[in-house]
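Each remark here refers to the structure printed beneath this line.
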Amino acid sequence: MTSLPKPLPAPDPATSEYWAGAKQGELRLPKCRDCGKFHFYPRTLCPHCGSVNLEWKNCSGRGVVYSYTVVHRAPSPAFEADVPYVVAVIALEEGPHLMSSIINVPADRVRVGENVRVTFRSAGSGDEMLPMFELA
Amino acid sequence: MNGIRAAIVGIGESQVGKVPGRSALQLQSDAALAALADAGLKIGDVDGLFTTPVRVEHWNMPAGVVAGFFGIRPNYLSTVDLAGASGCSMIDQAIAAVESGRCEVALCVAGQNLLSNRSRSQAVQSMAERGSGHPQFEVPYGPLVPSLYALIAQRHMYEYGTKPEQLAEVAVTIRTHAGLNPNAHKKDPITVGDVLSSRMITSPLHVLDCAIVSDGAAAAVVTRADRARDLRKSPVYLLGSGYGLRHGYVGDAECLTTSGAVDSGRTAFSKSGLGPKDIDVAEIYDCFTITVIVELEDLGFCPKGEGGRFVENGNIGLGGQLPVTTHGGLLSGGHPGLGGGFFHVLEAVRQLRGEAGGRQVPKVEVALAHGNGGVVSVHCTLILGNSDK
C-alpha cells in the first residue's frame, strides 16, 4: 500500500498550546495582557506592542471569510483526492486572520464575507487536529 | 560620507529558458563573464561578491561557494536572501558596499537550472512545502504558492471590483514584451481569451496568470563612478532605494490588498527627490498578474483599487502611459528562482542605456525596478538614472 502523508504541523515550544487546544476542540490563541490584543500565528512576544506578557485564551471559533481560493491543482499527490478544495483566510471575531480550509460545503458556494465557525479535523495521520471552518 | 559614488557598469545574462546540461554555477558563470565583458573588466578585478541561495542544490554559505568557484579573493561578500526582492537588494547592497569603501568592484550574480534540474511536479511540490507558506499554520491546508497570491487576487476583486480580464491583460502585455526579447523563455503571443481559457490552477488564477519556471542566471557589476567613466558602457546610477515589509506570512497579514511596496516606494522616491510621474519605465516584479496590479497601486502609479483599470488598453505596454516589465518578466521572460527578480534590474539598465532593441522605450532617463519576496511580504524598490542627477 502506498501512503501519501500530508505535511503535518510540527508543534514547537512556542506553539504547542495552540495544537493542544485543537486536540481538545478549542481554538486557543495568545492574547497580550498589556495591549489586550490577540495575535496569530502564536509568538513569544506580542507583534502589536512587543510585550512578552501573554496568556492563552480560547476563542469563540466564529469569524468571516476574508478571502479564499479554490485549489484545482494539488501541490502534492497527498492532496489529489481532495481537489477541488477551499483554502481561505478567516478573519476571527477576536481580530487575527488565519489560514484554514472551508469544508462541508461545495467549493463553488464559498464567498468573501460569509460567516463561518471552527470545526476540527484530523491532520491526516498522527494525532494532530487541524482547525477548519464551515459555513455558520 | 567619504564622497565615493558607485554605479552599475556591466550587465549580463546566460541563455534563459530550457537550458539542459548546465549547472547553476555554469549558468552563473555565463552571466558573470558576460557582465564583466560588458563592463570591460576581468574576474581578477572583482573584490566584492553578492549572490543568493539556490534551490537545486545545497550550498553552505552561497556567497562563499560562488566566490570560491570564480577564484575571487573578496574584500567583501554577502548572501542576500529576500526571496524575490533579492535582485534589487543585491544592487542596493553592492552600491552601499562600494560607496562605503568595503570593496571597489562588486559582482552580483544569481540564477540556477530550476527547470531542467527536476520535473515540474517536483518543483511545484517543493515550492508548496518549503516555499512561502508557514510550515505549521499554512502548508498543512494544501495551498500552492499560487494559492497564496490567489487569496490576494480574490480579496482585491471583492474590495475593488477588479476583473479576471484585467488580470489577464497583465499577462498579455508582458508576453508581448517577451516577444521582443530574444533571450525570453516564452515568446508566442497570447490573448485575454487564452489566459481566461487556460487551466484554472487556484481561483481566480489561471496557469497563464502564474510565473513560469526557467533555467537562467543574471549578473551585474558595480564599481566607483570615477572608475566607471573609463569603462566601456555609460554608467547607471542609483538615485534612491527603499525597503518595506508589513507581514511575514500572508495568512496573518492584516491587509491583503495593500503591501509593503507603499513603504519601499515612498522611501525610494523621497531619497531620489522624484515621484511616480518622473518614471519613464517600471520594471515591476510579476510573479503573478495580481502582483503587478497591487504594486502599481502601492508604488503610487495609480490610486488604490484602480490598478485593474490602469493595466487596460495597453496602458502598461510599449507606447502606453507607463511601460511595465519590458523584458517579459517572470510571467514570460524567465523565472529561475531567487535570481528572477534580478532580470528586472538588468532591463532597467538596458532601457537607461538605450540598448533594449525592439522594446526600447524612447528617451528613458529614470527607471524604476521593484522586487517582491514571499507573498507580497518583503519589498525593495530601486530608482535608477543614466545621470548622476
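The values are calculated or read from the model by the stated rules, or taken from the named source; none is laboratory data. In this text the structure is predicted, and so the values were computed from the model without any measurement. Cβ placement follows ideal geometry from the backbone for every residue including glycine, while neighbour counts extend to all protein chains displayed. Note: areas computed on protein heavy atoms with side chains; ligands, DNA, RNA excluded. Shrake-Rupley method; radii C 1.70, N 1.55, O 1.52, S 1.80 Å.
Can you find a residue in region B:351-367 that is of a type in the set (A, V, I, L, M, F, W, C) and under 11 Å from the mean Cα position of the chain (by Cα)? Checked region B:351-367: no residue is of a type in the set (A, V, I, L, M, F, W, C) and under 11 Å from the mean Cα position of the chain (by Cα). Pairs please, first residue from region B:334-357 and open to solvent by less than 10 Å² (accessible area, probe 1.4 Å), second anywhere and part of a helix (DSSP H, G or I) and among the basic types (Lys, Arg), Cβ atoms under 6 Å, 6+ apart in sequence or on different chains. Matching pairs, first to second residue: B:Ala356/B:Arg350. When B:Thr325, B:Thr291 are screened for being under 20 Å from B:Arg359 (Cβ atoms) and surrounded by 24 or more Cβ atoms within 10 Å (Cβ to Cβ), only B:Thr325 passes.
Look at region A:120-133: where a residue is farther than 13 Å from A:Pro9 by Cα and a partner is among the hydroxyl-bearing types (Ser, Thr, Tyr), sitting 6+ places away or on another chain with Cβ atoms under 7 Å, you get A:Met132/A:Ser100; A:Met132/A:Ser101; A:Met132/A:Thr119; A:Phe133/A:Ser100; A:Phe133/A:Thr119.
Conditions (1) in contact with a Pro (Cβ under 6 Å, 6 or more places away or on another chain); (2) of a type outside the set (Val, Ile, Thr); (3) under 24 Å from B:Gly374 (Cβ atoms), marked per residue:
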{"position": "B:Gly21", "(1), (2), (3)": "no, yes, no"}
{"position": "B:Leu25", "(1), (2), (3)": "no, yes, no"}
{"position": "B:Ile43", "(1), (2), (3)": "no, no, no"}
{"position": "B:Val54", "(1), (2), (3)": "no, no, yes"}
{"position": "B:Ile72", "(1), (2), (3)": "no, no, no"}
{"position": "B:Asn75", "(1), (2), (3)": "no, yes, no"}
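Residues in region A:27-59 that are assigned to a loop (DSSP other than H, G, I, E, B), away from every other protein chain (no Cβ under 14 Å) and open to solvent by 50 Å² or more (accessible area, probe 1.4 Å): A:Arg33, A:Asp34, A:Cys35, A:Thr44, A:Cys49, A:Val52, A:Asn53. Looking at B:Glu104, B:Glu138, just one residue is of a type outside the set (Lys, Arg) and within 14 Å of chain A (Cβ to nearest Cβ), and that residue is B:Glu138. Enumerate the pairs (first residue in region B:239-255 and closer than 25 Å to A:Pro42 by Cβ and modelled with pLDDT of 95 or more; second residue anywhere and crowded, with 20+ Cβ neighbours inside 10 Å and among the β-branched types (Val, Ile, Thr)) with beta-carbon separation below 6 Å, excluding pairs fewer than 6 apart on the same chain, so at least 6 apart or on different chains. Close Cβ pairs (under 6 Å, with a partner that is crowded, with 20+ Cβ neighbours inside 10 Å and among the β-branched types (Val, Ile, Thr)) amount to B:Leu245/B:Val378.
Here is a yes/no grid of residues against (1) in contact with a Ser or Thr (Cβ under 6 Å, 6 or more places away or on another chain); (2) within 23 Å of A:Asn58 (Cα to Cα):
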| residue | (1), (2) |
| --- | --- |
| A:Thr69 | yes, no |
| A:Glu93 | yes, yes |
| A:Ala107 | no, no |
| A:Arg111 | no, no |
| A:Ser122 | no, yes |
| A:Gly126 | no, no |
| A:Leu135 | no, yes |
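Is it the case, given these coordinates, that B:Glu355 is modelled with pLDDT of 95 or more, acidic (Asp, Glu) and part of a loop (DSSP other than H, G, I, E, B)? Yes; evaluated as a whole, the condition is true for this residue. Applying the criterion of at least 1 residues that are open to solvent by 10 Å² or more (accessible area, probe 1.4 Å), farther than 23 Å from B:Ala261 by Cβ and small (Gly, Ala, Ser) to the helices (runs of 4 or more DSSP H) found wholly in region B:85-191 leaves B:120-130. Determine whether B:Gln154 is at the interface with chain A (Cβ under 7 Å from one of its Cβ atoms) and modelled with pLDDT of 95 or more. Yes, satisfied.
If you go through region A:5-26 and keep only what is within 12 Å of another protein chain (Cβ to nearest Cβ) and assigned to a loop (DSSP other than H, G, I, E, B), you end up with A:Pro5, A:Lys6, A:Pro7, A:Leu8, A:Pro9, A:Ala10, A:Pro11, A:Asp12, A:Ala14, A:Thr15. Test B:Ala34 against the criterion of being open to solvent by 20 Å² or more (accessible area, probe 1.4 Å), modelled with pLDDT of 95 or more and touching an Asp or Glu at 6+ places or on another chain (Cβ under 8 Å), and give yes or no. Yes; evaluated as a whole, the condition is true for this residue. Residue-level analysis places B:Ala7 among those that are surrounded by 23 or more Cβ atoms within 10 Å (Cβ to Cβ), modelled with pLDDT of 95 or more and in contact with a helix residue (DSSP H, G or I) (Cβ under 8 Å, 6 or more places away or on another chain).
Among the residues making up region B:170-211, those that are touching a residue at least 12 places away in the same chain (Cβ under 8 Å), farther than 16 Å from B:Val145 by Cα and among the hydroxyl-bearing types (Ser, Thr, Tyr) are B:Thr173, B:Thr176, B:Thr191.
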